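Here's the structure, in structure tokens; my notes come after.
The values are calculated or read from the model by the stated rules, or taken from the named source; none is laboratory data. Worth saying up front: this structure is predicted, and the values here are computed from it rather than measured. A quick note on method: Cβ atoms are made from the backbone with ideal geometry, for glycine too, and the neighbour counts reach across all protein chains shown. Just the protein is used for accessible areas: all its heavy atoms, side chains included, with ligands, DNA and RNA removed. Shrake-Rupley method; radii C 1.70, N 1.55, O 1.52, S 1.80 Å.
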Amino acid sequence: MTTKPACGPQSDPEFFEALNKLFDQYPEAADKYAIKCMTLELDYLKIDFRRQEGIARVEDGRIITEFVDRDPTRSQDCCGWHHGECILKCDPPWV
């Protein structure tokens, strides 16, 4: 039995077709962004992005992300958005 992928072009072809057209229209921006499936965060970890956010850091060649309660005083740069809201803050390795 073949199951439909939860995310990606096979699951949402119209969305990805529109997205590819948008990336074609803005090639410089397209090189800065990627689309990520949120299945791990939403379905497996049960992250509630209304009250939690991810904090990512680079450590020993790995990207480590921890999910913590939102704190308006946290000052890291935003590097992930969901519905226009920051859900992932990062300590840039270039700082």
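Within region 56-73, the only residue that satisfies the criterion of being open to solvent by less than 60 Å² (accessible area, probe 1.4 Å) and in a loop (DSSP other than H, G, I, E, B) is ASP71. CYS37 meets the conditions (1) closer than 23 Å to ASP91 by Cβ; (2) in contact with a Gly (Cβ under 9 Å, 6 or more places away or on another chain) in every case but one. The failed one is (1).
Okay, residues lined up against (1) at pLDDT below 95; (2) assigned by the TED database to the domain that holds ARG70:
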| site | (1), (2) |
| --- | --- |
| ALA18 | no, no |
| ASP24 | no, no |
| ALA30 | yes, no |
| GLN52 | no, yes |
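Against the test of being under 22 Å from ALA6 (Cβ atoms) and in a loop (DSSP other than H, G, I, E, B), the options LYS46, LYS32 yield a single qualifying residue, LYS46.
Close Cβ contacts (under 7 Å, 6 or more residues apart or on different chains) running from residues in region 38-61 that are in contact (Cβ under 8 Å) with a residue 12 or more places away in the chain and farther than 22 Å from PRO72 by Cα to residues that are assigned to a helix (DSSP H, G or I) and small (Gly, Ala, Ser) are absent.
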